[in-house]
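Below is one structure, written out as structure tokens; the observations come after it.
Readers should treat all values here as calculations from the given coordinates under stated rules, not as data from a laboratory. What you see is a predicted model; the values in this text were computed from it and never measured. Cβ: placed from backbone, ideal geometry, glycine included. Neighbour counts: every protein chain shown.
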Amino acid sequence: MDHKITKTKIENTNDESVKATDTKPKTEKQNTPKQTIVYPGCVLADSMEVLPGTGAFREGSKIISKIVGISRTSGSVISVNALSGIYNPQPRDYVIAEVTDIGFSNWSIDVGGPYDAMMSTNDVREFVERNGDLTKYYDIGDLLFCVVSGVTKTKFVNVSTKDPKARKLKGGLLTNITPNKVPRLIGKQGSMIGMIKDKTKCFISVGQNGRIWIKGDFEQIAARA
């Protein structure tokens, strides 16, 4: 009888040791923040117990990503950190964009973000005839200097050429930098870009999406600057 009791105690001790060993990594894994790449409109969670952090917002019980980035869950908070080099459209941004498709009454516009923007016939400066040929105004492949006129919570983007600075860009050279370097290129009160224009005698337009359009006799020199 004593032998059986002793054996039972030893078996229980071994079981508890195994369980403790198995449980420890699981506890550490649960405390480690979860990370994954997400996109605007991606549902990060569907629970009222979870809170939106930076780069996310709540819609009903759902937590939704505002931007392309890496989601990070820490405790009950989900945040999204933007990926470097990807343009995150904001209202009133001036951008250099390309027409990628034409619909019945609108154009699809590539602004360098995760999705194409849209520009309707009501968003352009020109008077567009009903059922008219939209290629007469903007055709596929055209470059535009335009303004972001609206961005929804789910990152549906609209652009417009009604702004006085907006125009079609013809000819020239197109180059790119990462969007977060645009302020440094422009400089304080436009000092840096102004100096480059003066030295190269080129027309230069800088979009906040990191695209730069250069036209003149010294385009390559201006691009290297």
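Provide the net charge surrounding residue 48, with neighbours chosen by a C-beta distance below 13 Å and charges set as Lys +1, Arg +1, Asp -1, Glu -1.
Values: positive: 58, 62; negative: 46, 49, 59.
Spelling it out: positives minus negatives among the neighbours equals -1.
Residues with beta-carbon under 10 Å from that of residue 80, excluding residue 80: net charge, scoring Lys, Arg +1 and Asp, Glu -1?
Working: positive: 66, 72; negative: none.
Here the count lands on +2.
So how do 39, 94, 87 line up by other beta-carbon neighbours within 10 Å, fewest first?
Listing 39, 94, 87 from fewest to most nearby Cβ atoms yields 39, 94, 87.
Among 111, 77, 128, rank each residue by its count of other Cβ atoms within 10 Å, from fewest to most, as a rough exposure measure.
Details: 111 24, 77 15, 128 18.
By the 10 Å Cβ count, ascending, the order reads 77, 128, 111.
What relative contact order, as a whole-number percentage, does region 33-75 give when Cα pairs under 8 Å and 6 or more residues apart are counted? Working shown, then result.
Working: 78 pairs, mean separation 22.9, N = 43.
Averaging sequence separation for qualifying contacts and normalising by length gives 53 percent for region 33-75.
What is the order of 197, 188, fewest Cβ neighbours within 10 Å to most?
On the way: 197 17, 188 8.
Ranked by crowding around the Cβ, least crowded first: 188, 197.
Lys and Arg at +1, Asp and Glu at -1: add these up for the other residues within a Cβ distance under 9 Å of residue 66 and post the number.
On the way: positive: 153, 155; negative: none.
In short, +2.
How high is the FRET efficiency between residue 57 and residue 201 when r is their beta carbon distance and R₀ equals 41 Å, given to the nearest 0.05?
Working: r = 47 Å, r/R0 = 1.14.
Efficiency computed from Cβ-Cβ geometry: 0.30.
Given the pairs 168/215; 168/188; 170/201; 165/215, which span a C-alpha to C-alpha distance of over 19 angstrom in this model? Walk me through the intermediate numbers first.
Working: 168/215 13 Å; 168/188 27 Å; 170/201 17 Å; 165/215 17 Å.
Those over the limit are 168/188.
Using θ = phi - 60° and the Karplus relation 6.51 cos²θ - 1.76 cosθ + 1.60, list the HN-Hα couplings for region 132-147 in order, rounded to whole Hz, with x at every Gly or Pro.
So the Karplus estimates, Gly and Pro as x, are x, 7, 5, 5, 5, 9, 9, 10, 4, x, 5, 9, 10, 9, 9, 10 Hz.
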